[in-house]
Amino acid sequence: MKIRRAVTTAVTCAAVTPVLLLCAAPAFADPGSFVAVSRVATATAASVAELEQAVVQAEKGYDAALAAEAEYQRVLDAELDDATHPLAVAATAARAHAGRAAATKSAADKAVTDAQGAVEAIVEDPNATEDQRVAAFKAHDDARKAAEAAAAAKTAADARSTAARSALSDYRVRLVQQLPVLKKTTKDALTALQAAEKALEDARKAGSGGTGGTPAPSPGTPGAGATPTAPATATAAPAPAPATSVPSTSGSTPQSGASPAAAGASNGETDGSLAETGSSSVLPRFALAGAAAVASGAGAVFVVRRRRTAGRNSA
């Protein structure tokens, strides 16, 4: 009787132990897994929020660069066509003075030619007096000196006109050279905006288990020969942060938020991975121990029955 009671107790314990272990599996769950899931969810939400802020800042930078380029283009057109600019006024005045100096030189050269003709006529005239000859030579000499002075004045006026026109041309060239710099700044700002939007879209897809959502609209690259237009700034609604899971201490199944795999399954998509149960890696060991206990109980029953049968046969 004592052996029968011991065997019965062992078999009962062996049968009940696996059931208790399976029911208490959540209690043996590794709390680190819940903490890890919570940290990943919080990090994902923070990353998305930071990327959204980066997109907003990139949009502001692109709008500012585009506005600066348009404003500079307006100023450039006005400066190039402005005849009242000091350099433009100086160049116009120098050009007019050079024109007057050229006309004066032409008149002086003609006077020299006329005086030369008068001298030749006086020399060939036998009736010309000495005073007439002296006056003709003096007039020729004065005309020659006036022509030399007019030539020097014309040379100086041409030099001043050239310098004034060069100063105006250099000023306009510097203005025009600044425009490609602003265009490159606008292009870089657009590239940064597109990269920020792409990073935000990838983060949202990763946070939703690869299902993705409606991607944030990105401004198109301006076509060749067309002035880029500023995109309409749209404030994107922040993606909802996944609910963090809290391990249960009452022995029931822990309540957790929708995991990325569950989110994909709810939309009819799966990623081919198994769902996480939250159980600890120690559970298989307890299961093996329970199986060993069942096997030991069965062996004990077999031995007891065999002994009883052998005792009856011997009696």
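The values are calculated or read from the model by the stated rules, or taken from the named source; none is laboratory data. Keep in mind that this is a model prediction, so the values were computed, not measured. Neighbour counts run over all protein chains shown; Cβ positions are idealised from the backbone, glycine included. The protein model used for the area step is the full one, side chains on, heavy atoms only, and it has no ligands, DNA or RNA in it. Shrake-Rupley method; radii C 1.70, N 1.55, O 1.52, S 1.80 Å.
Things worth noting here:
- Beta carbons closer than 9 Å, at least 6 apart along the sequence or on distinct chains, pair a first residue in the stretch 135-151 that is closer than 8 Å to Lys105 by Cα with a second that is open to solvent by 70 Å² or more (accessible area, probe 1.4 Å) and small (Gly, Ala, Ser) for Ala150/Ser106.
- Residue selected from the stretch 155-201 under the condition of a type in the set (Val, Ile, Thr) and within 29 Å of Ala93 (Cβ to Cβ), by the criterion most open to solvent (accessible area, probe 1.4 Å): Thr155
- Hits in the stretch 112-153 (condition: hydrophobic (A, V, I, L, M, F, W, C) and within 26 Å of Arg100 (Cα to Cα)): Val112, Ala115, Ala139, Ala143, Ala146, Ala147, Ala149, Ala150, Ala151, Ala152, Ala153
- Any hit, the stretch 131-145, residues being modelled with pLDDT under 90, in contact with a helix residue (DSSP H, G or I) (Cβ under 8 Å, 6 or more places away or on another chain), open to solvent by 50 Å² or more (accessible area, probe 1.4 Å) and not in a helix (DSSP H, G or I): no
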